[in-house]
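The values are calculated or read from the model by the stated rules, or taken from the named source; none is laboratory data. Just so we're clear, the structure is a prediction, and the values are computed from it rather than from any experiment. Reconstructed Cβ throughout: ideal geometry from the backbone, glycine too, with neighbour counts over all protein chains shown. Remember, those area values only see protein heavy atoms, side chains included, never the ligands or the DNA or RNA. Shrake-Rupley method; radii C 1.70, N 1.55, O 1.52, S 1.80 Å.
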Amino acid sequence: MLFKEAAALDAKPIEQVQERKLVKPRSRRKRKEALTGLMYALPALVLLLLFRYWPLVFGMWISLWKWGYVPERFVGFDNYMRVFREDLIVNDPMSGLQLGEVGQAFMVTIFYAIGTIPLTLLLSFFVSYVLFHITKGKTLLRVLFFLPYITSQVAAAIVFKWIFHPSVGLANSAVNFFGGTPQQWL
């Protein structure tokens, strides 16, 4: 029974096989839309590559060199092997086994991760709880807490206002220096 069904499936007429539609290439409009979308995304992609992935790749590249003030010679993975072979634990003849430079760096990192981060989170939750539930002086405490953030924003605004001032600003001074006419920036 199974053999008869399989034989019937294999014996399809040629017309049915030729009726299948072939996949057509994208139309011009769809290609233009895709290109437009790519052009809109391109600045973000360039920034992502430039500031996220290039430092990662460059950091991996410089880790393969022996460095002084300038790269001296290519050492490959020798730096990584040396870190885990020599600098993790050091055998001092006077005091025995001690942490090396890398071991000390690991301990500082672990202390920071376990000790500092949870303490900072607890302190920030406590401050927010107090600022939310206090009744007297609530506004004054909120102003004092947010004043450094607000002050830096105001200072930046004043500096930019001075840079783009129509008569004494640095931007118009640069335009005058290069032979242009002063602009009314703001």
(request) Go through the stretch 126-170 and count every residue that is surrounded by fewer than 10 Cβ atoms within 10 Å (Cβ to Cβ), aromatic (Phe, Trp, Tyr) and under 30 Å from the mean Cα position of the chain (by Cα). (result) 1
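Of the residues 116, 120, which single one is open to solvent by less than 60 Å² (accessible area, probe 1.4 Å) and among the hydroxyl-bearing types (Ser, Thr, Tyr)?
Only one candidate qualifies: 116.
Looking only at residues in the stretch 78-130 that are in contact with a helix residue (DSSP H, G or I) (Cβ under 7 Å, 6 or more places away or on another chain) and assigned to a helix (DSSP H, G or I), which one is farthest from residue 63 (Cα to Cα)?
102
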